[in-house]
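Read the structure below first, then the notes.
What follows is calculated from the coordinates using simple rules that are stated; it is not laboratory data. Given the structure is predicted, the values throughout are model-derived calculations rather than measurements. Backbone-built Cβ (ideal geometry, glycine too); neighbour counts: all protein chains shown.
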Amino acid sequence: MVGRALADHCAARGDEVAAFDRAGLDITDERAAREAFGRVRPRAVINCAAWTDVDGCELDPQRAFLVNSQGVEILATASRLAGAAFVTVSTDYVFDGRKPEGFYTQRDDPHPMSAYGASKLEGERRAQIASARTVVVRSGWIFGAGGRNFLAQVVERMRRGERLRAISDSYGTPTYAPDLAARLRELAELDLPGVFHVVNSGEGTSYEGFARAASEAAGATGVEIESILMDSLKRPAPRPRNSRMRCLLSEGLGLAPLRDWRDALGEFAALTGE
Ligand SMILES: NC(=O)c1ccc[n+]([C@@H]2O[C@H](COP(=O)([O-])OP(=O)(O)OC[C@H]3O[C@@H](n4cnc5c(N)ncnc54)[C@H](OP(=O)(O)O)[C@@H]3O)[C@@H](O)[C@H]2O)c1
């Protein structure tokens with residue numbers, strides 16, 4: 001989802017883009033990564049690849065760490081050898097979500113509660129060691145075209161008239177993939193190592209709040225949305241209850257905040273209705 005949005009955005013900006021899917025470059029294959037970057041000679045590498053199946057990671061932590069930690073380290077090293085800046089996308093799931101209210105900033109210590117979160121955090125750290133030009137971009141609750149998660153699919157499911165169940169007691173900051181993509185490109189250009197939190201503006205919401213906003217944006221107000229509690233799902237991996245984020249670094253650097261998530265959702269709903 002994010003990789004496609006990024007490739008589209010960069011191509012539209014006139015960049016020469018070399019985009020890889022898993023078949024084109026397995027990030028756990030060190031030789032393939034070095035060979036690809038040696039051939040392409042990128043100015044910047046932006047990694048959007050990850051094993052994003054949170055429950056799958058919980059059941060197979062070894063594979064989670066192979067892709068989300070070792071794979072990221074391999075890309076960071078290959079980027080350094082190719083003389084490229086390295087930007088890698090991380091997650092709000094590096095936090096445990098126990099902060100009762102407010103937003104997670106760079107002042108909060110990460111403390112993942114799932115194998116997915118732990119593998120992503122380890123990927124951040126390994127990349128920072130492997131290349132001094134590493135920019136970590138933590139994002140969360142991402143929605144956009146081609147996405148496989150609840151937020152990305154909710155508008156289409158509503159349009160199909162599906163009855164929806166949405167969690168009411170878990171909060172995050174929704175982020176539109178094309179908005180994240182634009183910021184990823186800016187950060188690659190800026191080439192300033194650090195840990196950034198990149199999410200759309202606004203107070204954040206619950207899954208239920210997002211679903212209700214989506215039903216309004218899609219003009220599907222007749223769709224029934226059943227409110228459920230997170231623990232009722234009995235999923236293998238625990239999720240943070242509050243993973244809303246804010247970026248102290250972007251504010252300090254004067255980077256413009258991304259637009260409000262409700263405006264982004266409006267655009268996404270209009271596009272999926274075409
Ligand atoms: N979606 C969210 O809400 C969310 C929230 C916070 C952070 N993030 C982070 O944002 C980034 C992008 O996520 P997304 O939602 O765009 O995920 P996505 O749609 O699942 O895309 C991840 C891509 O990585 C590929 N991949 C998996 N293993 C690979 C490997 N070994 N080598 C090369 N490619 C591999 C996948 O290919 P296959 O499909 O073939 O497996 C898939 O195309 C990830 O770093 C994720 O952790 C996502």
Can you name every one of the helices (runs of 4 or more DSSP H) wholly within the range 20-78 that holds 3 or more residues which are over 20 Å from the mean Cα position of the chain (by Cα)? 30-40
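Restricting to the range 166-189, name every residue that is under 20 Å from ALA12 (Cα atoms) and either among the charged types (D, E, K, R) or without any contact (Cβ under 8 Å) to a residue 40 or more places away in the chain (or both).
Applying the first criterion (under 20 Å from ALA12 (Cα atoms)) to the range 166-189 yields 176-189.
Answer for the range 166-189, where residues must be under 20 Å from ALA12 (Cα atoms) and either among the charged types (D, E, K, R) or without any contact (Cβ under 8 Å) to a residue 40 or more places away in the chain (or both): ASP179, ARG183, ARG185, GLU186, GLU189.
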Conditions first: (1) within 12 Å of the ligand (Cβ to nearest atom); (2) more than 18 Å from ARG138 (Cα to Cα); (3) β-branched (Val, Ile, Thr); (4) assigned to a loop (DSSP other than H, G, I, E, B). VAL17 passes all but one, so which condition is the exception? (1)
Tell me which residues, restricted to the range 222-274, are touching a strand residue (DSSP E or B) at 6+ places or on another chain (Cβ under 9 Å) and of a type in the set (Val, Ile, Thr). VAL223, ILE225, ILE228
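Suppose we filter the range 114-132 for residues that are in a loop (DSSP other than H, G, I, E, B) and buried (at least 21 other Cβ atoms within 10 Å of the Cβ); how many remain? Show your work before the answer.
Residues of the range 114-132 in a loop (DSSP other than H, G, I, E, B): 114, 131-132.
Applying the additional criterion that residues be buried (at least 21 other Cβ atoms within 10 Å of the Cβ) yields 114, 131.
Residues that pass the stated criteria total 2.
Identify the residue in the range 145-161 that is among the basic types (Lys, Arg) and part of a loop (DSSP other than H, G, I, E, B) and, among all such residues, is nearest to LYS99 (Cα to Cα). Talk me through it step by step, then tell me what you get.
So the first thing to find is which residues in the range 145-161 are among the basic types (Lys, Arg), and the list is 148, 157, 159-160.
Still in the list and also part of a loop (DSSP other than H, G, I, E, B): 148, 160.
Values: ARG148: 27, ARG160: 37 Å.
Filtering first and then ranking leaves ARG148.
Let's see how each residue does on (1) within 12 Å of the ligand (Cβ to nearest atom); (2) over 27 Å from GLU189 (Cβ atoms):
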{"position": "ALA33", "(1), (2)": "yes, no"}
{"position": "ALA36", "(1), (2)": "yes, no"}
{"position": "VAL54", "(1), (2)": "yes, yes"}
{"position": "ASN68", "(1), (2)": "yes, no"}
{"position": "ALA76", "(1), (2)": "no, no"}
{"position": "SER79", "(1), (2)": "no, no"}
{"position": "PHE95", "(1), (2)": "yes, yes"}
{"position": "PRO110", "(1), (2)": "no, no"}
Over the range 75-108, the set of residues touching a Ser or Thr at 6+ places or on another chain (Cβ under 8 Å), free of Cβ contacts under 8 Å to residues at least 60 places away in the same chain and either surrounded by fewer than 24 Cβ atoms within 10 Å (Cβ to Cβ) or farther than 24 Å from ALA49 by Cβ (or both) is THR77, ARG80
